[in-house]
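What follows is one structure encoded as structure tokens, with my remarks underneath.
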Amino acid sequence: MREYKKIGVWQTAFLGDAVLTLPLLRALKDRFPDADIHFFVRTGVESVFMAQPEIARVRPFAKRGAQKSLNAAVRLGWELGKDGFDLWISAHTSLRSALVAGATGIGRRIGYNRPWFNRLAYTETVDRRFDELAEIERLMELVRPLGIIGPAPRAELVLPEGASRASAHFWEAFCLDRPVLGIHPGSTWPTKCWPEEYFSQIVARAVDAGAHVLVFAGPGEEPVAARVIDGARTDLSRVTNLAGQLSLPELAAYFGRLDACLTNDSGPMHLAWAQDVPLVALFGPTVEALGFFPRGDNSTVLEVDGLPCRPCGLHGPKKCPEGHFKCMRDLTPDRVWAELERKLGL
């Protein structure tokens, strides 16, 4: 088997998809320890991976900005083709990603065999086996042609030192010596969001049981966090609103110190399980069977079984197609709290 020296791994989907790619990166580094691995991600999430030991360089791709056009994708491919890569692996299936790969002209390019145009862009394609495998195992199919076969290796998210210091300072400053529950009530996809009043009930129950609650939210989600806290009707001295105050690496570092975490099916969910944080993830329009679930013994997925309308898409639409939103409304706070209470040891 040839030894590769410079490998490009392309995964420009969402934050969670990039986190799910970590075992593939670990497997590549184990097989080709002398290779420089460049990880291509969508602009905005690159800071999370800057300290990842498997990666020589994280390279952002502005798929929603300056590099949005198909012409820009081709130009980028031409530039990368002059950059010394001898192996290219693409975990993304869009036409734009295929154009980048094909334009590089790199001697060995591996991608999935669907959509059909991928067979024109890559020198080798593999079956994603979407209905058979979970996402990490689907990704591992991409390295099978390289002789890498077997279980996906464990890959832990490693964060920049500055983010770790920031979380340690916060814990020390606030003397968080009681169990700490973190909740992240937001998501890019509206139907993936558990009702705000349900999150409020969890905040109140956690505080009443003796925990401290940290409420997280990304830019633009600050009103959601505020409404969740306002609806809790409890001792707010034990609730800290961190909405919009943290960078992505800092958010991940704060997650890493939690005693338990509650999220929707979202990017932050993946920041939790990748650090083995005790996690409860709420799945509504999506289902665990789609394969993008949190891994590990400390992760619990809660969902409503028996609804024939689930799943209603890979991500979930903006509004419930059936108009009832039972996939989330029937997932009761009682059921969620029972699981969190156990994880918190209360």
- Item | Rg and Dmax of the stretch 174-234, Cα atoms only, in Å | 11.7, 36
- For MET50, placing the label point 7 angstrom along Cα-to-beta-carbon and taking the stretch 227-248, residues whose amide nitrogen sits under 16 Å are 246-248
- Amide hydrogen neighbours beyond the local backbone of SER299, cut-off 5 Å, H modeled: LEU279
- Query: Each residue of the stretch 295-304 in turn: what ³J(HN,Hα) in whole Hz from Karplus with 6.51, -1.76, 1.60 and θ = phi - 60°, glycine and Pro shown as x?
  - Reply: 9, x, 5, 8, 9, 10, 9, 10, 8, 8
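Among the listed pairs LYS192/LYS343; LYS63/LYS343; LYS63/LYS319, give every one whose C-alpha distance is greater than 27 Å. Working shown, then result.
Numbers: LYS192/LYS343 23 Å; LYS63/LYS343 39 Å; LYS63/LYS319 25 Å.
Correct reply: LYS63/LYS343.
Please give the FRET efficiency for TRP78 paired with THR188, using the beta carbon to beta carbon distance and R0 = 45 Å, rounded to the nearest 0.05.
On the way: r = 32 Å, r/R0 = 0.70.
Computed FRET efficiency for TRP78 and THR188 comes out at 0.90.
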- Do any trypsin sites (Lys or Arg not before Pro) in the stretch 284-346 lie in a DSSP loop with no more than 10 other beta carbon atoms within 10 Å, and if so, which? LYS318, LYS319
- Equivalent ellipsoid semi-axes, the stretch 236-346, via Cα gyration tensor eigenvalues times 5, rooted, Å: 25, 16, 15
- Residues TRP88, TRP189 arranged by fewest to most Cβ contacts within 10 Å: TRP189, TRP88
- Item | Spacing of the two label points (7 Å from each Cα toward its C-beta) at SER237 and ALA62, in nm | 4.9
- Message: Run the helix sum for the chain: -39,500 (n - 2.57) per DSSP H stretch of 4+ residues, divided by residue count, reported at 222 nm to the nearest 500 deg cm²/dmol.
- Response: -9500 deg cm²/dmol
- For the modelled label position 7 Å from the Cα of ASP86 along Cα-to-Cβ, which residues of the stretch 103-146 have backbone nitrogen atoms closer than 14 Å? 106-109
- Message: Cβ neighbours within 10 Å, averaged per peptide: list 139-146, 62-69 in order, most packed at the top.
- Response: 139-146, 62-69
- Note down the nm distance, to one decimal, between modelled labels 7 Å out along Cα→Cβ at GLU339 and at LEU314. 2.4
- Item | Where only C-alpha atoms are counted, convex hull volume of the stretch 6-146 per residue in Å³ | 98
- Histogram of C-alpha separations across the stretch 116-266, 10 Å bin width, %: 10, 30, 25, 19, 12, 4, 0
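Using only Cα atoms, what Kirkwood radius does the chain have, in angstroms? Write down the numbers at each step before the final one.
Details: mean 1/r = 0.0473 Å⁻¹.
Hydrodynamic radius (Kirkwood, Cα pairs) of the chain is 21.1 Å.
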- Message: Using a Förster radius of 22 Å, what is the FRET efficiency between ASP34 and THR123 based on their Cβ-Cβ separation? Nearest 0.05, please.
- Response: 0.45
- Query: Please state the equivalent ellipsoid semi-axes for the stretch 161-344: what are the square roots of 5 times the Cα gyration tensor eigenvalues, largest first, in whole Å?
  - Reply: 26, 17, 15
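Taken together, the values in this text are just the output of simple stated rules run on the coordinates, not laboratory data. These figures come from a predicted structure and were not determined experimentally. In this analysis, Cβ positions are derived from the backbone assuming ideal geometry, glycine residues included, and neighbour counts consider all displayed protein chains.
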